[in-house]
Amino acid sequence: MGNAASISTCGHPPVMIFVGHSGSGKTSLIEKLLPVLTGRGLRVATIKHAHHKVVLDTPGKDSWRYKQAGAVISMLVTSNELQLVAEAVTEREPAQLAQRFLGEVDLVLAEGFSHASGAKIEVLRRACNDTPRCTIEDGLIAAVTDVDEAHQTLPHFALDEMERIADFVLQHFDC
């Protein structure tokens, strides 16, 4: 699993969902995992699920005005970035979003989406909450945890084992 050619996308970018309680370290884990994966030549995208209302575009600005006028998708492009605002009325699952908007990437790391279908890795820290959020039936395939008694039948990783976690994610998607 040393380069971008080693991951098979099966016609769409594979999605790994990281779940866990608030404050468990999901964002920090993904933040540390990204350079490991991109260092292996992969183009990686992220999708984060927010449980609260977030203003995605500034009221009064052009892209906001286009959305208000009826645009289904509004895109803001600068010299080095792109922001997309689109209606997500029916397509809210990470796999649906990846297929619709992220076709040019090799892998998608999603945060949250505990109730979505798909492969999940739970981040579970005793200092935060030692009760698992998901089960194997929910799609759980591994745990990044210091709670040895949780998910005993699944592979366990420590919070600092980025290379091993990257290997595991890439091996999982070897279609």
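Odds and ends about this structure:
- Residue that is farthest from L159 (Cα to Cα), among those in the range 19-51 that are outside any helix (DSSP H, G or I) and hydroxyl-bearing (S, T, Y): T46
- Counting the residues of the range 25-36 that are in contact with a Lys or Arg (Cβ under 9 Å, 6 or more places away or on another chain) and aliphatic (A, V, I, L, M) gives 1.
- Checked against the criterion of being in contact (Cβ under 8 Å) with a residue 24 or more places away in the chain, more than 22 Å from K32 (Cα to Cα) and surrounded by fewer than 16 Cβ atoms within 10 Å (Cβ to Cβ), the candidates G103, G139 yield just one match: G103.
- Strands (runs of 3 or more DSSP E) contained entirely in the range 73-175, each with at least 3 residues that are in contact with a Ser or Thr (Cβ under 9 Å, 6 or more places away or on another chain) and at pLDDT 95 or above: 120-124
- In the range 28-65, the residues that are closer than 22 Å to E163 by Cα and either modelled with pLDDT under 75 or in contact with a Phe, Trp or Tyr (Cβ under 7 Å, 6 or more places away or on another chain) (or both): L29, I30
The values are calculated or read from the model by the stated rules, or taken from the named source; none is laboratory data. Model, not experiment: these values are computed from the prediction. We place every Cβ from the backbone using ideal geometry, glycine too, and count neighbours over all the protein chains shown.
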